[in-house]
Structure formats: C-alpha cells, structure tokens
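The values are calculated or read from the model by the stated rules, or taken from the named source; none is laboratory data. Just so it is clear, the structure is predicted and the values come from calculations on it, not from any experiment. Note: ideal-geometry Cβ built from the backbone for every residue, glycine included; neighbour counts use all protein chains shown. In case anyone asks, the SASA skips ligands and DNA or RNA and just uses the protein heavy atoms, side chains included. Shrake-Rupley method; radii C 1.70, N 1.55, O 1.52, S 1.80 Å.
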Amino acid sequence: MSDQGFEKIFQEKIDQEIRIEPRDWMPEKYRQTLIRQVSQHAHSEIVGMLPEGNWISRAPSLKRKQILVAKVQDEAGHGLYLYSAAETLGISRDQMIEQLHSGKAKYSSIFNYPSLTWADMGAIGWLVDGAAIMNQVPLCRASYGPYSRSMIRICKEESFHQRQGFEILLTLCNGTPDQKAMAQDAVNRWWWPSLMMFGPHDSESTHSEQSMQWKIKRFSNDDLRQRFVDMIAEQAKVLGITLPDPLLKWNEERKHYDFGPINWQEFWDVVNGNGPCNKQRLDARRKAWEEGKWVRDAALAYSMKRKTSSAKKAA
C-alpha cells in the first residue's frame, strides 16, 4: 500500500477517535510534531521545578514546606511520564536532554521569570498551574495513546497544585495589609506571562491547525486563553484581588470577559532566550545533569550486574 493509502487509514482512525499506538503506522510529520510537543512538555515540568524549589528551604512553616516538597516531586514525576511517552516515538532520553541543554528544544516561557516572594508560590499555583490545566485537560483525549494516558494522572495532580496556590493566596489576602499587598504584587507579575503560556494568536501559530486536524490538540490557543481569563476573573473576586488589566471587563453580548492586548514582543524575547532567567534556568539544569552523572553510572552498572547474574543462573 502507498503512503497515501496509509495516511487515509491513519486519518480515518483519528476521525473515529481510535488512539494511535507506538507500533501503528503514522506519518513522519505526526511523529516529529509529537516528539517536539511531548518533549517540550517534559522539559517544562523539569525546568518548572526550579522557581518553586528555590522556596522549599524558606517556606513559612513545616506544613508549607511538606506541601511544596510534594508538589515539586509531582512535577518530577510528570517529567518522567512525559519523557517515557516521548521515548515510544523513537527518541532517547539522552537525545531529549541534549536538545534541552543545547537550547535547541524549548520549554514553557513562564519558567523564565523569577520567584521573588513566598506569594509567588501562590500565584504560580493559581495562575501557572491553572493555565496548565486549561491546556492539558483536552490532552487527555489526544490522539496518541501514550501521551493521552500520561495526561490523565498529570491533570489530577495539577488540579491539587492549583488549589494549593489559591489557598496560599487566600490566606495571604485574609492576613495583614502587607501580606495582601505581597499577594497582589505576585499576581501583578505573573498575570500576563500566564496568558502567554497558551502560545501566540491562532493566526500566528505554526503548528495549531495541523495538530487540531490530527487531534493532538482539541482547542485553539485563543479559545483556551479566553476560557482561562473567564475562570480566573471570577476566582479573583473570591480572593479580593485585582487582575492587572484595566481593560478586563465582562462583555454581556459575547458572554466572555474582554481583556487587554498581550505584549507579544516580551513573549518572543523570552522564547528566544532573552528572558529574566533563561540563562540561570539552563545553567541549573546543565549543572544538575553533570553532578548527577555518578548516579546514572552507578544505576547502569547495577543494572548490568543484575543482568549478568540472571544470565549465569539461567545457564
């Protein structure tokens, strides 16, 4: 059968909501699109540990420290699930890590901003994890089986992360005037970067149209961004916090919130490596990889020893 025939069968399976599995035939472009997206998602989980890990030793109580440690551990697990899913597409873990460290592979631009106060842990949970959930829940129905299945557990855990962030901000907003001001400052700094997490406008998105045809994505960038704004604008009322957008207003005719323009120049600057913490984040990941080499070598040696021992017993 020709490639054209295989592509027809492939698209029919997707249209019928039949998951594509690793051993199934798939167009090379589909495979490469998934490798790019899933590995980028995995990198984002791993790099995303850094702004929060910065606050583990400075959390205001033992309870807060325990919760934050658990959250960072969750994110490490998410990275593991996603790297494993990407490996089913024929790329190795080492290749993906090398692409991250060399700057060839991207990760979410949001993690190139600094976490300056404890309130940032609340803003990251509420806004950043909230945007992640909005992006990721539809991925539980992505057309590629290993990716969609990994997202089910990830989304359940991300929902706890968002609630944790909201609870931190709620506690601060019900505290002293200084605590509420700290919460407001954190939201002011993280609001616009969280809107950028959904990617460029649909008209400027390189991959969206094809990804939606293949049902890797289910909704466009702008649709998801609008849903996020509608959700957060209502939750902000509960917190008693002001979102830093003077143009944010309910539109009765559209039944959605209108919001102001995004600074896309800032977005592209950060994506292209010129954000506040780009160099710091990659330096930290490279350092961790180099310092962890002895652990990987020891694990490999132990694995080889067990295999040799098993082979001798079987002989």
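Structure notes:
- Candidates 230, 222 - the one that is of a type outside the set (A, V, I, L, M) and touching a strand residue (DSSP E or B) at 6+ places or on another chain (Cβ under 6 Å): 230
- Scanning the stretch 46-79 for residues that are outside any helix (DSSP H, G or I) and surrounded by fewer than 19 Cβ atoms within 10 Å (Cβ to Cβ) turns up 54, 59, 60, 61.
- Residues within the stretch 19-43 that are of a type outside the set (Asp, Glu) and in a helix (DSSP H, G or I), tallied: 15
- Test for residue 222: is it part of a helix (DSSP H, G or I), touching a residue at least 12 places away in the same chain (Cβ under 8 Å), within 30 Å of residue 13 (Cβ to Cβ) and of a type in the set (Asp, Glu): yes
- Selection from the stretch 234-265 of residues that are closer than 20 Å to residue 186 by Cα, in a helix (DSSP H, G or I) and open to solvent by less than 60 Å² (accessible area, probe 1.4 Å): 235, 236, 239
- Residue that is farthest from residue 35 (Cα to Cα), among those in the stretch 208-219 that are in contact (Cβ under 8 Å) with a residue 24 or more places away in the chain and not polar (S, T, N, Q): 219
- In the stretch 208-219, of all residues being open to solvent by 30 Å² or more (accessible area, probe 1.4 Å), in a helix (DSSP H, G or I) and of a type outside the set (Asp, Glu), the one that is modelled with the highest pLDDT corresponds to 213.
- Pairs, first in contact (Cβ under 8 Å) with a residue 60 or more places away in the chain in the stretch 1-25, second open to solvent by less than 70 Å² (accessible area, probe 1.4 Å) and among the polar types (S, T, N, Q), C-beta under 6 Å, six or more apart: 14/143; 20/143; 22/88
- Search result, residues across the stretch 271-301 that are more than 19 Å from residue 93 (Cα to Cα) and either loosely packed, with under 12 Cβ neighbours inside 10 Å or touching a Pro at 6+ places or on another chain (Cβ under 8 Å) (or both): 276, 277
- Residue 220 vs. criteria of a type in the set (Gly, Ala, Ser) and more than 22 Å from the chain's Cα centre (by Cα): no
- Annotation for the stretch 296-307: at least one member residue is assigned to a helix (DSSP H, G or I) and closer than 22 Å to residue 49 by Cα.
Yes or no, residue by residue, for (1) of a type in the set (A, V, I, L, M, F, W, C); (2) at pLDDT 95 or above:
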| residue | (1), (2) |
| --- | --- |
| 167 | no, yes |
| 170 | yes, yes |
| 175 | no, yes |
| 185 | no, yes |
| 203 | no, no |
| 221 | no, no |
| 229 | yes, yes |
| 238 | yes, yes |
| 245 | no, yes |
